[in-house]
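The values are calculated or read from the model by the stated rules, or taken from the named source; none is laboratory data. Keep in mind it's a predicted model, so treat the numbers as computed, not measured. Note that each Cβ is placed from the backbone with ideal geometry, even for glycine, and that neighbours are counted across all protein chains shown. These accessible areas exclude ligands, DNA and RNA; they are computed on the full protein's heavy atoms, side chains included. Shrake-Rupley method; radii C 1.70, N 1.55, O 1.52, S 1.80 Å.
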Amino acid sequence: MKQKLKSILIQAVKEAVDISLNTEDIDINIPKNREYGDFSSNIAMKLAKRVNMKGYELGDDIKNRLLPKYSFIKNIEVMDPGFINFYLKEENMIKENLISVENGDFKRFNNTKKDIKLIMVTDRIRDIWDIQNFRGFMNMYYLGNIYNFVGYKARKILMVKDYDSDINTRYLLSNFKDVEISLNERELSEGITFSASPYQGVFRGIDKDRSIIEGVRILKNGFVIDKITLTDLIEEIGFHRIKYTLCNKAIANEINMELTTDYLRYIQYPYNRISSVISTLKKEGIDIGNIENIKKELLDNPLEEKIIKKMTGFKDALIDSINQNQPYRLIKYANELCQIFYEINSTIVFRQLNREKLMTLLKLLDSFKIILKEILGILELPLYEKM
């Protein structure tokens, strides 16, 4: 739906002021306050000076061109100094969003492919076993995966001064795809760098505003554990939990890793739960059917509308991660999405729903599962049909 709104905004602006635009020039956001519409854009405010108009005047012109033309738009409100708020007909919004997921449109980007370098800097390659350094490496690695998903060609580089690899380090790095080892300091130019130390004196050109990785405190039942190694952690909680947990906060903040809390399971379980329910009911002859059979009036729980709106934020979470060079923004989005699922799951007994309501709800949750699968894929985390 966001891409569709961008396209029609481009056409409306072109008709109003004859300015050449593309989808990357237009911001479409989901307002935190529902009173400001289903979607909002500041395009009129941004363009006003270029066309010698006031923002609200250009906004009114755009509004008058769009409202009579597009039946899925319920209303458009223009606010000073040029914000345009879109109110969509709910049935159209629900179907558009779910169809976008089913067709895979939600994960397609019109991005001109570019090269990007992401670099984790350490003195020695074996320093990757230090938990703080490994946190930096994982943030660099996941950010590279996000760039690749959006359409860039990301190089993920481990920059070292001394290549003193051993068999254990080579085995650790073999778990990651397309990681380059480099001793060439010139790679630092025009790269996004990560470092566990603000004083990486052996290298020059590190962007200190972006590179510093804060430490990791390991807790068990709330008590700090000293002298614990990455090897100990792998044996204690598993490799995937470590990777995920080390990236679920901004890199500039110290992170607490509580060994008794399974943060990863929080986003893995919903996939399993939905898969199990759909599989069980399918064996009983209940198939979720086609998305076109969705009946908006059956999605009468505010949580159902809430999760649909949240699903539209998948692309925003990826772009936000790139803009801030922080993969935790995608993880934060995944947690918020799953939180709504847990609220729905706790208030509904599937077998007490009538057949039409059950199929409609399951189709909605299946769309949610599709998005969650993409997130887990970007983070290279396992999918479980059963847990």
Of Ile278, Ile251, Ile225, which residue is modelled with pLDDT under 95 and surrounded by fewer than 16 Cβ atoms within 10 Å (Cβ to Cβ)?
-> Ile225
List pairs: first in segment 182-197 and closer than 15 Å to Leu118 by Cβ, second exposed (fewer than 14 other Cβ atoms within 10 Å of the Cβ) and not basic (Lys, Arg), Cβ under 7 Å, 6+ apart or cross-chain?
-> Leu188/Gly205; Ser189/Gly205
Could you grab the pairs with beta carbons closer than 7 Å, sequence gap of 6+ or different chains, first residue in segment 227-254 and without any contact (Cβ under 8 Å) to a residue 60 or more places away in the chain, second one among the basic types (Lys, Arg) and open to solvent by 60 Å² or more (accessible area, probe 1.4 Å)?
-> Glu254/Arg217
Scan Asp316, Asp287 and give me the residue that is open to solvent by 30 Å² or more (accessible area, probe 1.4 Å), assigned to a helix (DSSP H, G or I) and either hydrophobic (A, V, I, L, M, F, W, C) or at negative phi (or both).
-> Asp316
Given (1) of a type outside the set (S, T, N, Q); (2) open to solvent by 20 Å² or more (accessible area, probe 1.4 Å); (3) part of a helix (DSSP H, G or I), where does Arg155 come up short, assuming only one miss?
-> (3)
Here are some residues: Tyr333, Tyr384, Tyr328. Which one is of a type in the set (Ser, Thr, Tyr) and surrounded by fewer than 20 Cβ atoms within 10 Å (Cβ to Cβ)?
-> Tyr384
Output the number of the condition that Glu305 fails; it satisfies all remaining conditions of (1) free of Cβ contacts under 8 Å to residues at least 24 places away in the same chain; (2) closer than 19 Å to Ile344 by Cα; (3) not in a loop (DSSP other than H, G, I, E, B).
-> (1)
Does Leu358 fit the bill of being crowded, with 17+ Cβ neighbours inside 10 Å, farther than 18 Å from Ile267 by Cα and in contact (Cβ under 8 Å) with a residue 40 or more places away in the chain?
-> yes
Could you list all residues from segment 20-33 that are at pLDDT 70 or above and hydrophobic (A, V, I, L, M, F, W, C)?
-> Ile26, Ile28, Ile30
Does segment 363-372 contain at least one residue that is of a type in the set (Asp, Glu), in contact (Cβ under 8 Å) with a residue 40 or more places away in the chain and touching a Lys or Arg at 6+ places or on another chain (Cβ under 9 Å)?
-> no
Kindly provide the set of residues from segment 210-227 that are out of contact with any Leu (no Cβ under 9 Å at 6 or more places or on another chain) and assigned to a loop (DSSP other than H, G, I, E, B), ordered by number.
-> Ile213, Glu214, Gly215, Gly222, Asp226, Lys227
